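A.B. asks: Got a structure here, written out as structure tokens. Questions coming.
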Amino acid sequence: MHIGFTSEQLQLQEMLRRVAKEKVAPRANDIDRTAQYPEDMFSLLCELGLFALPFPQAHGGTGSLVSACMAIEELGTVCYNTAYLLAVQWTPFGAILAGGTDEQKLRLLPDLASGKARAAISITEPQSGSDVRGITTRARSVSGGYRLTGTKAWCTGASVSDYIFIAAKTESSDAVSSVNLFRVPTNAPGLQIGRKEDKTGARGIPSHPLFLDDVLVPEQDLLGGEQTNGFRLVMDAMNTARPLHAARGVGLAQGALNHSIEFVQNRQAFGESVQNFQGIRWMLADMEMQTQAARSLVYRVAALADEGLTGKALAPMAAAAKCFATDVAMKVSVDAVQIFGASGISADCPINRYMRDAKVLQIIEGTNQIQRNIIANGLLGSVVKSR
């Protein structure tokens, strides 16, 4: 299904499918089983130049969110964790591109594009979850910069990153406008990276709590400078990243469908091939329709972003793509486990990791309930709460 892909993108897709089959798929089960960071897969992505895909051409990229989504989908079809390596790197990139100063872009983007540097972003807190407005981490202004104090949760990639963009408030009030992003090296004095979470899915990419005790951040590492609307910067970064996370859902759904087709074609029951059972054929047909619908939505939103759609116009569409595609991933993967029967719930069978990874996707980067709120706000406006 081309969805208006250029000839260059179709060549990229062909290359990605070959690499996914030959080099990524053989590692997928082991990465999930051991929950070890796939350093070899990171090196492979660097060798292929894939980290540069969504970057501007000045940094060796294509400047295309569509191409980035394609890479995540194709790799995610066989290995969620390898595809996740791209998404982790690209979320802070989106923040820098959306609101960084010219100096910050020149200083930070080239190494992110090449994979020479690794970055993470930390917004979630133990009590705030998807509520950016509820951030309690504080950035106190001092001579030459800021001092950060607070606690973060579920910072993905923290232990393998060179630095983390940490969301904090620069005022004692709860004003949304006071939220900003600060670049903090992972070896900064006062920053402690907590124990790795033992996760249901996405097991190969580590997530950690962060503890900040009066961490000094120089002025030049406040993303965008003092005049930047940090909250809007965070929202823009999340909006741009959501089609990428949606593409992960499409990849999971397609992978689960592929495994299901192969299984029923090689399974016998009651004296005949399982692929001939009408109930199974209808399940597969529904899985195909749902996956194709999700794919169409994701690439449409990514194409609109490439054409310049941003901010409030992009937000509900990006939310719809993330919500729908990840819900489809959950539905299709659950159906795939059902098709596999008892084999589907065995740790020795790869299909159950698709279901576990899909559940993670419905929660991270803004739960799907939050996505529905964003969509409804786009239709009706925000709810005004009386006090």
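The values are calculated or read from the model by the stated rules, or taken from the named source; none is laboratory data. This is a predicted model, so every value here is computed, not measured. We place every Cβ from the backbone using ideal geometry, glycine too, and count neighbours over all the protein chains shown. The protein model used for the area step is the full one, side chains on, heavy atoms only, and it has no ligands, DNA or RNA in it. Shrake-Rupley method; radii C 1.70, N 1.55, O 1.52, S 1.80 Å.
A.B. asks: For a quick check: with amide H placed at 1.01 Å from N, whose amide H comes under 5 Å from G63's, ignoring anything fewer than 5 positions away on the same chain?
C.D. replies: Under 5 Å from the amide H of G63 lie the amide H atoms of F55, Q57, each far enough along the sequence or on another chain.
A.B. asks: Let me ask something additional. Kirkwood hydrodynamic radius, the range 1-51, all distinct C-alpha pairs: what's the number in Å? Don't skip to the end; give the middle numbers.
C.D. replies: Working: mean 1/r = 0.0806 Å⁻¹.
Result for the range 1-51, one decimal place: 12.4 Å.
A.B. asks: Show me, for the range 261-269, the HN-Hα J-couplings you get by feeding each phi into the Karplus relation (A = 6.51, B = -1.76, C = 1.60, θ = phi - 60°), rounded to Hz, glycine and proline as x.
C.D. replies: Those phi angles translate into 4, 4, 5, 5, 6, 10, 10, 10, 8 Hz.
A.B. asks: For the range 26-177, restrict the atom set to alpha-carbon positions and state the Rg and Dmax in Å.
C.D. replies: For the range 26-177, the Cα radius of gyration and maximum Cα-Cα distance read 17.0, 53 Å.
A.B. asks: For a quick check of your reading of the filter: which trypsin sites (Lys or Arg not before Pro) in the range 126-222 sit in a DSSP loop and have no more than 10 other Cβ atoms within 10 Å? Intermediate values should be presented prior to the final figure.
C.D. replies: Working: sites: R133, R138, R140, R147, K152, K169, R183, R195, K196, K199, R203; in loops: R195, K196, K199, R203.
Taking the range 126-222 and a limit of 10 other Cβ atoms within 10 Å, the loop trypsin sites (Lys or Arg not before Pro) found are R195.
A.B. asks: Can you work out the accessible area per residue across the chain, with the rest of the protein chains kept in place, probe 1.4 Å, in square angstrom?
C.D. replies: Details: 17250 Å² over 387 residues.
Dividing the accessible area of the chain by its residue count gives 45 Å².
A.B. asks: Take each of the peptides 339-346, 254-261, 358-365, average the number of other beta-carbon atoms within 10 Å over its residues, and list them starting from the highest. All intermediate terms of the calculation are to be shown ahead of the outcome.
C.D. replies: On the way: 339-346: 15.8, 254-261: 23.0, 358-365: 21.1.
In descending order of packing, they fall as 254-261, 358-365, 339-346.
A.B. asks: Helix-derived [θ] at 222 nm for the chain: sum -39500 (n - 2.57) over DSSP H runs of at least 4, divide by residue count, nearest 500? If you can, show how the numbers build up before the last one.
C.D. replies: Values: 11 runs with 197 residues, N = 387.
Using -39500 (n - 2.57) per qualifying helix, the result is -17000 deg cm²/dmol.
A.B. asks: Collect residues whose amide H, placed 1.01 Å from N in the peptide plane, falls under 5 Å from the amide H of T186; neighbours closer than 5 in sequence don't count.
C.D. replies: Excluding prolines and chain starts, which carry no amide H, the hits are Y163, I164.
A.B. asks: Same structure, new question: Send over the per residue convex hull volume for the chain, Cα only, as a whole number of Å³.
C.D. replies: Working: hull volume 55.9 nm³, N = 387.
Each residue corresponds to 144 Å³ of Cα convex hull volume.
A.B. asks: If you don't mind, another one. Expressed as cubic angstrom per residue, what is the convex hull volume of the alpha carbon set of the range 248-300?
C.D. replies: Details: hull volume 3.0 nm³, N = 53.
Cα convex hull per residue, to the nearest whole number: 57 Å³.
A.B. asks: When the chain is fully extended, how far beyond the present Cα-Cα distance does D213 get from L10, taking 0.36 nm per residue of separation?
C.D. replies: Values: separation 203, 0.36 × 203 = 73.08 nm, distance 4.88 nm.
Full-extension gain reported as 68.2 nm.
A.B. asks: If you don't mind, another one. How large a share of the accessible area of the chain, in percent, is made up of carbon and sulfur atoms when the probe is 1.4 Å and the other protein chains stay in place?
C.D. replies: C and S fraction of accessible area: 52 percent.
A.B. asks: On to the next question. How long are the semi-axes of the ellipsoid equivalent to the range 219-266, from square roots of 5 times the Cα gyration tensor eigenvalues, in whole Å, largest first?
C.D. replies: Working through the eigenvalues yields semi-axes of 43, 9, 4 Å.
A.B. asks: Sticking with this one: Percent relative contact order of the chain, based on C-alpha pairs within less than 8 angstrom and at least six residues apart?
C.D. replies: Details: 712 pairs, mean separation 64.3, N = 387.
Relative contact order for the chain comes out at 17 percent.
A.B. asks: Pull out the extension gain between Q338 and V142, defined as 0.36 nm times the separation in residues minus the alpha carbon to alpha carbon distance; nm, one decimal.
C.D. replies: Values: separation 196, 0.36 × 196 = 70.56 nm, distance 5.81 nm.
In short, 64.7 nm is gained.
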